[in-house]
1. If I filter the stretch 217-264 down to residues being modelled with pLDDT of 95 or more and of a type in the set (S, T, N, Q), which single residue comes out as nearest to Leu44 (Cα to Cα)?
2. Within the stretch 153-169, can you find the residues that are assigned to a loop (DSSP other than H, G, I, E, B) and either of a type in the set (Gly, Ala, Ser) or open to solvent by 40 Å² or more (accessible area, probe 1.4 Å) (or both)?
3. Restricting to the stretch 170-191, give me the number of residues that are farther than 26 Å from Phe69 by Cα and open to solvent by less than 40 Å² (accessible area, probe 1.4 Å).
4. Please go through the stretch 66-88 and pick out each residue that is in a strand (DSSP E or B) and surrounded by 15 or more Cβ atoms within 10 Å (Cβ to Cβ).
5. Kindly list, by first and then second residue, each pair from a residue in the stretch 214-235 that is farther than 15 Å from Leu94 by Cβ and open to solvent by 10 Å² or more (accessible area, probe 1.4 Å) to a residue that is in a strand (DSSP E or B) and not aromatic (Phe, Trp, Tyr), limited to pairs with Cβ atoms under 7 Å and residues at least 6 apart or on different chains.
6. Tally time: how many residues in the stretch 229-253 are out of contact with any strand residue (DSSP E or B) (no Cβ under 9 Å at 6 or more places or on another chain) and either assigned to a strand (DSSP E or B) or not acidic (Asp, Glu) (or both)?
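The values are calculated or read from the model by the stated rules, or taken from the named source; none is laboratory data. Small disclaimer: the values here were computed from a predicted structure and weren't measured. Cβ placement follows ideal geometry from the backbone for every residue including glycine, while neighbour counts extend to all protein chains displayed. Quick note on the areas: whole protein, heavy atoms, side chains included, nothing else; ligands and nucleic acids left out. Shrake-Rupley method; radii C 1.70, N 1.55, O 1.52, S 1.80 Å.
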Amino acid sequence: MTISMFSIRRMAMLGLVGGVAFGISACQSLSLDRGSFGGFKRSLNTTSHGYQQVPDPTGTASTAIVERFEVQPGDCGRDSGWSDCAQDRERSELSEGSDNHAGSTYWYGWDIYFPDDYPNIYPTKTALGQFHQHKSHPVWMFQNGDGGYSLDDQVFGSTRRYYKLISEKDLRGKWHRIELQVKWGRNKDGFFKVWVDGDQKVDYTGTTLRSSATYFKYGIYRSFMSRYRAVKKVEDVPGQIVYYANVRRANTRQELAAPLPATPQ
């Protein structure tokens, strides 16, 4: 089953998705079973449409409740140390509160769903998951660039390599399972391995971070909005909606599996 942005809006009007009756609004609990991840908080976006926990609208997700992220033109926030508005960016992300320290090894996993009418806004860059260093640059970014879903290796401060994970023709209308095994290392003993829908796509060995720790962010993060406006000669960049499910960190791959529903007593 596929779902379009038109269908999403229609269901929202009927109270089936993200509405008052069934959706969990941005102001309510962000609590989900995320394995060994610490708490998450919203990052530089407080709009009600930007983040919601909703019943799975596709009927095929690994969890009954999924996370819906939406960014519309002008969704740029700021805090005391950064302004997306001033830096030509827009976003709706959740940010991890705990760290992934150098020397540690973890498994990470999430499911991601792009609706049928999800627009590609290249040459604006859209990040959909990133590991970031505190007060420094991101080291690994999952992106929808000129097509599909890719991993951008930015360990040393700029792109060293793009790994293609999902092709453009396979991107939309179905859930994709992303699994990682990462050893965070500042030397050659680190590694970063990625599986997509069960197939290994990345088997990197070497430095995986430069600082003492990273933290995980996911959602939609759009950089260099002016690029799209200049190329397309428009005033606004189209809005985007993406769904996530079963975002987890664990010590083993088996522990990444979605928890079973509670058995009624």
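1. Ser223
2. Phe156, Gly157, Ser158, Thr159, Arg160, Ser167
3. Taking the stretch 170-191 first, the residues farther than 26 Å from Phe69 by Cα are 183-191.
Filter once more, so that each one left must be open to solvent by less than 40 Å² (accessible area, probe 1.4 Å): 184-185, 190.
Going through the stretch 170-191 one residue at a time, the tally reaches 3.
4. The initial filter retains those residues of the stretch 66-88 that are in a strand (DSSP E or B), namely 66-71, 78, 83.
Matches in the stretch 66-88: Val66, Glu67, Arg68, Phe69, Glu70, Val71.
5. Final answer for the pair search is Phe224/Lys125.
6. Going residue by residue through the stretch 229-253, those that are out of contact with any strand residue (DSSP E or B) (no Cβ under 9 Å at 6 or more places or on another chain) are 229-236, 238.
Subsequent filtering for residues that are either assigned to a strand (DSSP E or B) or not acidic (Asp, Glu) (or both) retains 229-234, 238.
The number of residues fulfilling the criteria is 7.
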